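Let me begin by presenting the structure, written as structure tokens, before commenting on it.
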Amino acid sequence: MDIIFTNSNFVLVETFVLAFIITYISIPPLIEVAKAKNLYDVPNGRTSHEGITPTLGGIAIFSGFVITSMIFVNITKIPYVQYLLAGTLVIFFIGLKDDIVGLSPLKKFIGEIIAAGIIIDLGGVRLSSLHGFAGIGALNYISSDFLSLFVIVAIVNAFNLIDGIDGLSSGVGVLTALAFGIWFFLIGEIQLALLTASLVGALLAFLRFNLFSKKHKIFMGDIGSLLVGFILSIFAIKFNELNHAAVALNSPYYIKAAPAVSIGILIIPIFDTVRVMLIRMARGLSPFKPDKRHVHHYLLELTGSHRKATTILLVVNVFFIVISFLLRSMRVLELMSILLVLASLLTFIPYMLLKNRRKKNIVSNNGFVADAD
């Protein structure tokens, strides 16, 4: 398929630009509102920031994505988009309440299930096959329902958990949306590509303020991280389902190991979340107990810079995306094993570097050396 400048290309550019502009012009007024109403993220023992910062950036991202999608996406071609937008509204209000007055983990979890249920059971966006992983092909309705629910809720919370340093959650969101979006474009799924363009435009505008501005610095808050995770989980499901359908179509862009490639694209939030939860459980702690064992915390302490830590992780993310697509013809289990080994090795490097630094510089009175995690 030759990529030439067509009407579809032009609409994609328009979608990206409008989402960027809406988000960009929304942020300064939101910062003023946050200042007037004292809506700040206040540093505590487990945060990585020193000063108070407004937390309403997710509202701007939501506005840029939703308004642009409603303008450019043709609902008659992908009718489930109305349920996607309905789900984003549920996620928006969950995040809004959590950012402003706080929300219990249980209520947040219930809200995520409701949002996922809307897109799964009403929109029909669900995983119908495991592509032969563990010898499993087609899934029955109940298995499909529960697996799809698990995938959406897991990815939503994974993005929420990695939102600990400037630019990480949004940066990973940009790379992930681009990876899915380019593939959607190549197979002719223009409406899905438009949705990814909306998200990329909104996130890049947010990154401008979150990562590169001191005067108008803002965080995405739970609205943003939950929203990005929710939208990307839908892209991941559609990526797998379209690859399953592509078998019959003999598409040149068919990806045999689609589930593993999805994990490779989303490797930063997925692997880090699973790793941290396993460490907590191994230590007899709740897997949901907040701490500073995430790999971005290691890199932040090693580099002393949010930008450097985020840049390293985004480069690693690009590496995994490239590897995943290059090895897309492998079996699902084989590619997943390779990705797991690589992720483990690359995570071990900053852990050991930090541990060695602490051995040299941070020793308590009784000679005990603080562990890196």
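The values are calculated or read from the model by the stated rules, or taken from the named source; none is laboratory data. Keep in mind that this is a model prediction, so the values were computed, not measured. Please note: Cβ atoms are built from the backbone with ideal geometry, for glycine as well, and neighbour counts cover all protein chains shown. All accessible areas refer to the heavy atoms of the entire protein, side chains included, with ligands and DNA or RNA removed. Shrake-Rupley method; radii C 1.70, N 1.55, O 1.52, S 1.80 Å.
Quickly estimate the mean residue ellipticity at 222 nm for the chain, helices only: each DSSP H run with n ≥ 4 gives -39500 (n - 2.57), and the total goes over all residues, rounded to 500. Could you put the intermediate results ahead of the total?
On the way: 13 runs with 257 residues, N = 373.
Per the formula, -23500 deg cm²/dmol.
Given H placed 1.01 Å from N in the peptide plane, which residues other than close sequence neighbours of SER129 have an amide H under 5 Å from its amide H?
LEU139
Arrange the residues VAL318, VAL341 by how much accessible surface each exposes, largest first, with a 1.4 angstrom probe. Provide the component values of the computation, followed by the final result.
Numbers: VAL318 65, VAL341 85 Å².
Greatest to least solvent exposure: VAL341, VAL318.
Quick one: of LYS37/LYS289; LYS77/LYS238; LYS215/LYS289; LYS37/LYS215, which pairs are farther than 23 Å apart, Cα to Cα?
Those over the limit are LYS37/LYS289; LYS215/LYS289.
Among (i) 18.4; (ii) 19.5; (iii) 22.6, only one was calculated for this model; which label is it, if the read-out is mean projected area of the Cα convex hull in nm²?
(ii)
Extension gain ASN140-VAL318, at 0.36 nm per residue separation less the Cα-Cα distance, in nm? Walk me through the intermediate numbers first.
Values: separation 178, 0.36 × 178 = 64.08 nm, distance 3.46 nm.
So the extension gain works out to 60.6 nm.
If we sort 147-155, 101-109, 327-335 on the protection proxy, mean other Cβ atoms within 10 Å, highest first, what's the order?
Details: 147-155: 20.3, 101-109: 12.2, 327-335: 16.1.
Highest-to-lowest ranking by the protection proxy: 147-155, 327-335, 101-109.
Checking the a/c ratio against 1.5 first, then a/b against b/c, what shape does the Cα gyration tensor give for region 204-268? Walk me through the intermediate numbers first.
On the way: a/c = 3.51, a/b = 2.99, b/c = 1.18.
Here region 204-268 falls in the prolate category.
Taking all protein chains in place and a 1.4 Å probe, what share, in percent, of the accessible surface of the chain do carbon and sulfur account for?
About 67 percent, which is the carbon plus sulfur part of the accessible surface.
Just tell me which lysines come within less than 25 Å, Cα to Cα, of LYS292; anything on the same chain fewer than 8 places away is out.
LYS97, LYS107, LYS108, LYS214, LYS217, LYS308, LYS355, LYS359, LYS360
On the full set of protein chains, 1.4 Å probe, figure out the accessible area of HIS296 and give it in Å² to the nearest 10.
0
Where the only charges are on Cβ atoms (+1 Lys, Arg; -1 Asp, Glu), what is the dipole of the chain about its Cα centre, to the nearest 20 debye? Working shown, then result.
Working: 29 positive and 21 negative charges, 219 e Å.
Dipole size: approximately 1060 debye.
Work out which helices of the chain, taken as complete DSSP H runs, extend at least 20 Å along their axis over the Cα atoms and score a mean Kyte-Doolittle of 0.0 or more, then list them. Could you put the intermediate results ahead of the total?
Values: long enough: 7-37 (44 Å, 1.14); 57-72 (23 Å, 1.92); 81-100 (28 Å, 1.37); 141-162 (32 Å, 1.81); 168-186 (27 Å, 1.88); 190-212 (32 Å, 1.80); 221-249 (42 Å, 1.28); 267-282 (22 Å, 1.49); 306-326 (30 Å, 1.65); 332-361 (44 Å, 0.79).
Correct list, ordered by number: 7-37, 57-72, 81-100, 141-162, 168-186, 190-212, 221-249, 267-282, 306-326, 332-361.
How much accessible area per residue does the chain have, in Å², with a 1.4 Å probe? Working shown, then result.
Values: 17090 Å² over 373 residues.
Roughly 46 Å² per residue, with all protein chains present.
Using a 10 angstrom cutoff on alpha carbons, build the Gaussian network for the chain and name the most mobile of THR347, THR15, THR55.
THR347
Counting only protein chains, not ligands or nucleic acids, how are TYR83, TYR351, TYR298 ordered by accessible area (probe 1.4 Å), most first? Don't skip to the end; give the middle numbers.
Details: TYR83 70, TYR351 40, TYR298 5 Å².
Highest to lowest solvent-accessible surface, that is TYR83, TYR351, TYR298.
Once amide H atoms are placed 1.01 Å from N in the peptide plane, what residues at a sequence separation of 5 or more from ASP41, or on another chain, have their amide H within under 5 Å of its amide H?
Amide H to amide H, under 5 Å and 5 or more residues apart or across chains, ASP41 pairs with THR53, THR55.
Taking every pair of Cα atoms in region 251-338, average 1/r, invert it to obtain the Kirkwood radius, and report Rg/Rh to two decimals. Could the numbers behind the result be given before it?
On the way: Rg = 15.6 Å, Rh = 14.6 Å.
The Rg/Rh ratio comes out at 1.07.
Under the 0.36 nm per residue contour assumption, what length would be gained going from the current alpha-carbon distance of SER8 and TYR40 to full extension? Walk me through the numbers before you get to the answer.
Working: separation 32, 0.36 × 32 = 11.52 nm, distance 4.09 nm.
Full extension of this stretch gives 7.4 nm more.
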